[in-house]
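Colleague: Before I ask anything, here is the structure I am working with.
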Amino acid sequence: MQKTKTPTNSDLNGTLGASFRDPSGFLFTDGGILYRQVNHVYAAEYDRLMESGLYDKLVKVGLLIPHQEVEQVEGKDEAAYKILQPELVQFISYPYEWSFSQYKDAALAILSIQKRALKLGMSLKDASAYNIQFVHGKPVLIDTLSFETYQEGQPWVAYKQFCQHFLAPLALMALKDVRLSQLMRVYIDGIPLDLASQILPGTSRLNFGLLTHIHLHAGAQKRYADAEIKQPKDGAGVSRQAMQGLIESLQSTVRKLEWKAGGTEWGNYYEITNYSDAAFEHKKDVIAGWVERVKPSLVWDLGANNGEFSRIASGAGIFTVSSDIDPTAVEQNYRRARQEKDQNLLPLVLDLTNPSPALGWANVERDSFGQRGPADMILALALIHHLAISNNVPLPRVAEFFSGVSEWLVIEFVPKSDSQVQKLLKSRRDIFDQYTKDGFERAFEMYYHIRDTISVKESERKLYLLQTRK
């Protein structure tokens with residue numbers, strides 16, 4: 001059986017904090033193994049999912065996480081109908097950490113699932129972006145309990161949620177500012193459509209899909225906010241054909257949304273870096289050797305830019321989270337990973353000086369970035385000067401943070417004499433007396449053993465292989 005560390009957002013019974021809202025069932029851990037309890041109230045829908053062939057079809061095309069039914073594990077209470085052991089997701093990410101194309105691919109995955117479900121007499125009862133994870137490089141639905149039997153005449157109950165969780169963020173990212181995806185950190189149940197309608201440019205009303213699914217939808221929500229919900233009479237309501245038309249309209253609207261990743265400070269970093277070709281290749285060789293020496297199972301490349309060095313680990317079959325603050329760099333990283341079908345690389349947008357916090361009810365529904373560790377190895381390449389000089393983070397605090405989320409650290413020290421550091425110091429007073437090689441080593445030796453150090457060829461930079469003190 002595949003084991004995982006017990007999630008930090010679980011209660012004393014092992015029930016996950018992100019899995020308490022759905023009466024159909026929940027996730028829990030037992031002996032470090034992740035399980036899903038299916039409750040009796042969902043028994044008929046679960047059996048239909050399995051017997052209709054929908055589960056098999058979705059798993060076959062990589063749109064639904066596979067699971068095994070297990071009998072040797074008892075349910076958490078008398079409500080249990082079945083216990084499932086789902087395939088383990090190697091790293092949980094959240095929509096406010098996705099690049100534009102990741103978000104778009106996730107939206108299209110949900111709509112593809114809904115179209116396939118309708119053909120077999122079922123429908124998605126929710127369309128939460130948090131139910132999508134990137135597994136083997138592709139967006140996959142991880143909530144097996146998201147389906148219900150399709151009822152002729154009933155509208156798509158997840159329509160509003162899809163618009164708030166997917167369409168509104170994508171429209172704002174494409175037409176206003178890609179950084180507006182961060183609104184999903186504020187509105188954990190999706191960006192309100194009235195807010196999206198106000199922020200979007202007026203020209204968005206010329207787009208029939210956005211006019212219909214965001215602007216008019218927002219207006220209808222306001223008009224009918226207090227209206228009594230009535231069930232449609234026989235023969236009335238939304239036909240299956242109309243439902244299919246709605247899904248196709250949403251697909252068309254999403255597909256037409258494009259974000260042109262412009263030039264940013266770090267989007268073309270490796271084209272303007274001060275590395276010579278020999279230094280660049282030497283750095284890659286050193287890191288590859290250390291990765292082979294340590295043999296980590298999970299690597300976090302922090303400040304990864306477009307993932308050039310992340311691919312040293314992912315190319316060796318090691319699952320690698322490749323994060324950077326720059327949306328353009330992460331977009332480039334994801335598009336390349338998708339094109340190359342890299343199943344071991346997960347690009348994410350992350351500001352290391354303000355990483356994703358714990359969110360939701362009692363701050364336990366969504367883990368902070370640090371809570372989703374530990375990693376086995378961190379790569380922190382050409383990063384330390386940005387943390388210490390651009391963001392005034394003292395070196396001992398950087399060392400303390402890294403040592404708390406990974407045993408091994410590959411870090412590059414960039415001295416003040418380096419041209420990249422000199423660029424940073426042009427716009428600020430040099431108050432960084434401790435930012436020296438000796439100061440760096442003193443700070444990090446408080447938390448680490450220095451296992452190896454190598455000077456990068458044709459450069460003043462040094463690479464360190466560090467292991468935490470036990």
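The values are calculated or read from the model by the stated rules, or taken from the named source; none is laboratory data. Everything numeric here is computed off the predicted structure, so don't read it as measured data. Every residue, glycine among them, receives a Cβ derived from its backbone with ideal geometry; neighbour counts consider all protein chains shown. When the accessible area is computed, the model is the full protein with side chains, heavy atoms only, and any ligands, DNA or RNA have been set aside. Shrake-Rupley method; radii C 1.70, N 1.55, O 1.52, S 1.80 Å.
Colleague: Over the heavy atoms of LYS295, what accessible area does a 1.4 Å probe trace out, to the nearest 10 Å²?
Modeller: Using a 1.4 Å probe on the heavy atoms, I get roughly 130 Å².
Colleague: Calculate one ³J(HN,Hα) per residue across segment 114-122 by plugging θ = phi - 60° into the Karplus curve 6.51 cos²θ - 1.76 cosθ + 1.60, and present them in order as whole Hz with x for glycine and proline.
Modeller: Those phi angles translate into 5, 5, 5, 5, 4, 5, 10, x, 10 Hz.
Colleague: Continuing with the same structure: Loop-only check: which trypsin sites (Lys or Arg not before Pro) in segment 299-376 are DSSP coil with at most 15 other Cβ within 10 angstrom? If you can, show how the numbers build up before the last one.
Modeller: On the way: sites: ARG311, ARG335, ARG336, ARG338, LYS341, ARG366, ARG372; in loops: LYS341.
In loop regions of segment 299-376 (DSSP not H, G, I, E or B), the sparsely surrounded trypsin sites (Lys or Arg not before Pro) are LYS341.
Colleague: Next question, about the same structure. Could you tally the net charge around ARG255, taking each other residue with its Cβ under 12 Å from the Cβ of ARG255, Lys/Arg +1 and Asp/Glu -1?
Modeller: On the way: positive: LYS104, LYS256; negative: ASP105, GLU248, GLU258.
For residues surrounding ARG255, the net value is -1.
Colleague: Grab the beta carbon distance between ARG397 and ALA242, set R0 = 56 Å, and tell me the FRET efficiency rounded to 0.05.
Modeller: On the way: r = 57 Å, r/R0 = 1.02.
That gives a FRET efficiency of 0.45.
Colleague: A further question on this structure: In nm², what is the average projected area of the convex hull enclosing the Cα atoms of the chain? Let's see the in-between values first.
Modeller: Working: hull surface 98.9 nm².
With every direction weighted equally, the projected area is 24.7 nm².
Colleague: Additional query: Looking at segment 18-79, which trypsin sites (Lys or Arg not before Pro) are DSSP coil and have at most 13 other C-beta atoms within 10 Å of their C-beta? Before the final figure, lay out the partial values.
Modeller: Working: sites: ARG21, ARG36, ARG48, LYS57, LYS60, LYS76; in loops: ARG21, LYS76.
Within segment 18-79, the qualifying trypsin sites (Lys or Arg not before Pro) (loop, at most 13 other Cβ atoms within 10 Å) are ARG21.
Colleague: A follow-up question, please. Which far-off residues, 5 or more places away or on another chain, put their amide H under 5 Å from the one on PHE369, with H placed in the peptide plane?
Modeller: HN-HN under 5 Å from PHE369: SER356.
Colleague: Find the accessible area per residue for the chain; the probe is 1.4 Å, ligands and nucleic acids are left out, and the unit is Å². Working shown, then result.
Modeller: Details: 21630 Å² over 470 residues.
Value returned for the chain: 46 Å² of accessible area per residue.
Colleague: Then there's this: Rg(Cα) of segment 276-394 divided by 2.2 N^0.38 Å?
Modeller: Working: Rg = 14.9 Å, N = 119, 2.2 N^0.38 = 13.5 Å.
Relative to the rule-of-thumb radius for its length, segment 276-394 sits at 1.10.
Colleague: Test of the criteria: in segment 31-80, which GluC sites (Glu not before Pro) are in a DSSP loop and have at most 14 other Cβ atoms within 10 angstrom of their Cβ? Each step should come with its number before you reach the end.
Modeller: Working: sites: GLU45, GLU51, GLU69, GLU71, GLU74, GLU78; in loops: GLU71, GLU74, GLU78.
Taking segment 31-80 and a limit of 14 other Cβ atoms within 10 Å, the loop GluC sites (Glu not before Pro) found are GLU71, GLU74, GLU78.
Colleague: Here's another thing I want to ask about it. Packing-wise, with mean Cβ within 10 Å as the measure, how do 318-324, 297-303, 217-223 rank, highest first?
Modeller: Going by the mean number of other Cβ atoms within 10 Å, highest first, we get 318-324, 297-303, 217-223.
Colleague: Pull up the cross-link candidates among the lysines for LYS119, meaning alpha carbon to alpha carbon under 21 Å and not fewer than 8 places away within one chain.
Modeller: The reachable lysines, counting only those whose Cα sits under 21 Å from LYS119, are LYS57, LYS60.
Colleague: With all protein chains present, how much of the accessible area of segment 307-386 (probe radius 1.4 Å) comes from carbon and sulfur, to the nearest whole percent? Mind showing how you got there, number by number?
Modeller: Working: 1340 of 2750 Å².
Its accessible area is 49 percent carbon and sulfur atoms.
Colleague: By how many nm would the segment from LYS57 to THR453 grow when fully extended, if each residue of separation counts as 0.36 nm and the alpha-carbon distance is taken off?
Modeller: Values: separation 396, 0.36 × 396 = 142.56 nm, distance 5.11 nm.
Going from the current span to full extension adds 137.4 nm.
Colleague: How high is the FRET efficiency from LYS470 to ARG223, r the C-beta distance, R0 56 Å, rounded to 0.05? Kindly include the intermediate steps, with their values, before the conclusion.
Modeller: On the way: r = 63 Å, r/R0 = 1.13.
The computed FRET efficiency comes out at 0.30.
Colleague: Tell me, what HN-Hα J-couplings in whole Hz come from the Karplus equation 6.51 cos²θ - 1.76 cosθ + 1.60 at θ = phi - 60° for each residue of segment 311-321, using x for Gly and Pro?
Modeller: 6, 5, 6, 5, x, 8, x, 9, 5, 10, 8
Colleague: Can you list the lysines whose alpha carbon sits under 17 Å from that of LYS416, skipping same-chain ones fewer than 8 residues off?
Modeller: Reachable lysines: LYS426, LYS437, LYS462.
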